[in-house]
């Protein structure tokens, strides 16, 4: 029997040597004259163990990691003889970090070959769509609504209500748009699922299409993700060939097709109306709402626009029923959230779990603290527009409302950990700088306020009239918060104000120093 | 064994440019698609192509110029022979990216966003490659590199300068 070796083709694994490993395994197998089949998968999301390679055994897939190219010969021997190895992690499914998770969306990611429609189907793929086809629009809407799924891009708007609005709209054409412009630092779940289980995203979008009566979909992927673009394009071709895109999907009367569009490096295009402008071939200027995209979206037509993770949650909900999804979670945050642990963290990666886990559990227990070994001082949750949380707030449960109550947001579920060497003045300035560079320019508080914000924070850093300038920054933040159309200008104040509030000591010289100076 | 991604571009040619534009012009909202295709072929979007795109899409030159200048990706002149992008977003900052960026600037003698005098290397910031749990990261042309440290970035710079 062929030895079957699984090596990720996920960008994070490739960036630390997975491609070189694949070549090395092929070479050593040829040298040893052993028949080996190498299957390139997505990533399981245990990023600190990447490249993680697996071999099929009678007990299940046994993992090794991190495996460098130099490790390959000895790892290969261990695989062939089922013998011990310092990099051997045991059966992959039994690794505690993986076993503790509730993988509903990421169940197949890292397991299957993302290029193979057969593999996807063999692992339960397209069961959701098959059920959806038998249910019809109204019953699908009931399921999606009952699941409690809320927009995973960060805004948390109930997906069922959005879909229903589009389903009820009358128009000659409607569109499904997938927002894969995952620009937030510390987030990579969209990238991972597009690279590791692209058919899942297609299935989710197709389901949306048949529900609301749209026959065309676009997935707008950022240009910084060339591997994801390639994976989605390959999957679309395979799905079309397999009868899952195009006319008469899965032998039904429904038609749906989709294409990939690539962004061009503008962060603001992750905002849904800016993204629609960009898809239409224009500058990514934010639109005022209303009208909502559900009524006047792409090319002025009713449009469902959802994040990758929202579409990716749909197949499970349809296949297993709304209740199976809604049984997880807390309060109004139902189901699971793929959380991304990043930055200065010992065990970083993708951790999908039910809402309700606390920030402290995520950072200290699951993440294992910092990789530098220094104490955790601050964590930024939700990307460049998310608040910095100190240890004192580590009891905050991961839940849309709980984070909002503490002037933060969960955003797209990214958590970036900083150790005690962080200078929060620098982070506050960066937040304003980033906003200044990426502002689309439509709203004055965002366009000009961000530049004034950088200048004023610099004055604080230089010790110029610190108290007055701090008051000015706070005032400016309030203007941006309430005077901007979209989250870029509106939420940039979150990292700035949270840095000021929770890490005041970085901005104001200690009293003893003041006395000495006088 | 590292795959080679050294880019090569064709010189600007009006007929070829017109072909590329015509190939994509029928798509809905084709402006970005065309600009990407032109840059892929020529390594940048030549000034002369802007009015051609405008005509093909029945837009004004100003509109196409506006789109072209809005997006960070599009270049108005060719980049250096190799393009080294350093991720400068928060996760990479938290993992020591600031010091590595400063090191790269010092080694190459240019600040982020510029090309070396010999046109060998363009050094650019990028805001998030999505490799945030294997940070800091970089991309040399199409090739991704994670878990950067001084040794790895030095090797990357040496490769870019070759």
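What the table shows:
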| read-out | value |
| --- | --- |
| Members of segment A:492-504 that are outside any helix (DSSP H, G or I) and more than 13 Å from residue A:383 (Cα to Cα) | A:503 |
| Some residue of segment A:237-254 being within 14 Å of chain B (Cβ to nearest Cβ) and at pLDDT 95 or above | no |
| The listed residue being more than 13 Å from every other protein chain (Cβ to nearest Cβ) and touching a strand residue (DSSP E or B) at 6+ places or on another chain (Cβ under 6 Å), out of A:312, A:354 | A:354 |
| Test for residue B:66: is it surrounded by fewer than 24 Cβ atoms within 10 Å (Cβ to Cβ) and away from every other protein chain (no Cβ under 12 Å) | no |
| One residue from A:349, A:373 being within 14 Å of chain B (Cβ to nearest Cβ), at pLDDT 95 or above and more than 23 Å from residue A:99 (Cα to Cα) | A:373 |
| Filter result for the condition that a residue is within 30 Å of the chain's Cα centre (by Cα) and buried (at least 24 other Cβ atoms within 10 Å of the Cβ), over A:20, A:50 | A:50 |
| Answer residue from segment B:29-48, given it is over 15 Å from residue A:281 (Cβ atoms) and either in contact with a helix residue (DSSP H, G or I) (Cβ under 8 Å, 6 or more places away or on another chain) or surrounded by fewer than 18 Cβ atoms within 10 Å (Cβ to Cβ) (or both) and is nearest to the other protein chains (Cβ to nearest Cβ) among those | B:40 |
| Matching entry among A:389, A:430, A:403, A:418 (being more than 12 Å from every other protein chain (Cβ to nearest Cβ), within 18 Å of residue A:504 (Cα to Cα) and not in a loop (DSSP other than H, G, I, E, B)) | A:389 |
| Helices (runs of 4 or more DSSP H) lying entirely in segment A:85-140 (those with 3 or more residues that are closer than 19 Å to residue A:64 by Cα and in contact (Cβ under 8 Å) with a residue 40 or more places away in the chain) | none |
| Condition check for residue A:493: under 23 Å from the mean Cα position of the chain (by Cα) and either under 24 Å from residue A:410 (Cα atoms) or at pLDDT 95 or above (or both) | yes |
| Some residue of segment B:75-83 being out of contact with any strand residue (DSSP E or B) (no Cβ under 7 Å at 6 or more places or on another chain) and facing chain A (nearest Cβ under 8 Å) | no |
| Residue tally, condition in contact with a helix residue (DSSP H, G or I) (Cβ under 7 Å, 6 or more places away or on another chain), closer than 18 Å to residue A:229 by Cβ and in a helix (DSSP H, G or I), over segment A:263-308 | 6 |
| Among the residues listed as A:453, A:408, A:441, A:489, the single one being part of a loop (DSSP other than H, G, I, E, B) and more than 13 Å from every other protein chain (Cβ to nearest Cβ) | A:408 |
| Residue that is farthest from residue A:4 (Cα to Cα), among those in segment A:70-105 that are within 14 Å of chain B (Cβ to nearest Cβ) and buried (at least 17 other Cβ atoms within 10 Å of the Cβ) | A:97 |
| Condition met for residue A:192 (assigned to a helix (DSSP H, G or I), within 14 Å of another protein chain (Cβ to nearest Cβ), buried (at least 24 other Cβ atoms within 10 Å of the Cβ) and at negative phi) | yes |
| Positions within segment B:129-156 being buried (at least 22 other Cβ atoms within 10 Å of the Cβ), in a loop (DSSP other than H, G, I, E, B), more than 14 Å from the chain's Cα centre (by Cα) and within 9 Å of chain A (Cβ to nearest Cβ), in sequence order | B:130, B:131, B:132, B:133, B:134, B:135, B:137, B:146 |
| Candidates A:255, A:223, filtered to the one that is in contact with a strand residue (DSSP E or B) (Cβ under 9 Å, 6 or more places away or on another chain) and under 14 Å from residue B:73 (Cβ atoms) | A:223 |
| Test: residue in segment A:56-63 that is surrounded by fewer than 23 Cβ atoms within 10 Å (Cβ to Cβ), in a loop (DSSP other than H, G, I, E, B) and more than 14 Å from chain B (Cβ to nearest Cβ) | yes |
| Residues (at negative phi and touching a strand residue (DSSP E or B) at 6+ places or on another chain (Cβ under 6 Å)) located in segment A:378-389 | A:378, A:379, A:380, A:381, A:386, A:388, A:389 |
| Of residues in segment B:49-61 being more than 11 Å from chain A (Cβ to nearest Cβ) and farther than 16 Å from residue A:264 by Cβ, the one surrounded by the fewest Cβ atoms within 10 Å (Cβ to Cβ) | B:58 |
| Of residues in segment A:263-274 being within 15 Å of residue B:33 (Cβ to Cβ) and more than 7 Å from chain B (Cβ to nearest Cβ), the one surrounded by the most Cβ atoms within 10 Å (Cβ to Cβ) | A:269 |
| Candidates A:114, A:158, filtered to the one that is within 22 Å of the chain's Cα centre (by Cα), at pLDDT 95 or above and within 22 Å of residue A:228 (Cα to Cα) | A:114 |
| Any hit, segment A:34-42, residues being within 12 Å of chain B (Cβ to nearest Cβ), in a loop (DSSP other than H, G, I, E, B), at pLDDT 95 or above and within 20 Å of residue A:62 (Cβ to Cβ) | no |
| Answer from B:85, B:77 - the residue that is within 30 Å of residue A:72 (Cβ to Cβ) and either out of contact with any helix residue (DSSP H, G or I) (no Cβ under 8 Å at 6 or more places or on another chain) or not in a loop (DSSP other than H, G, I, E, B) (or both) | B:85 |
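The values are calculated or read from the model by the stated rules, or taken from the named source; none is laboratory data. This one's a predicted model, so the numbers in the text were calculated from it and none came from an experiment. Cβ coordinates were reconstructed from backbone atoms using ideal geometry, including for glycine residues, and neighbour counts include every protein chain displayed.
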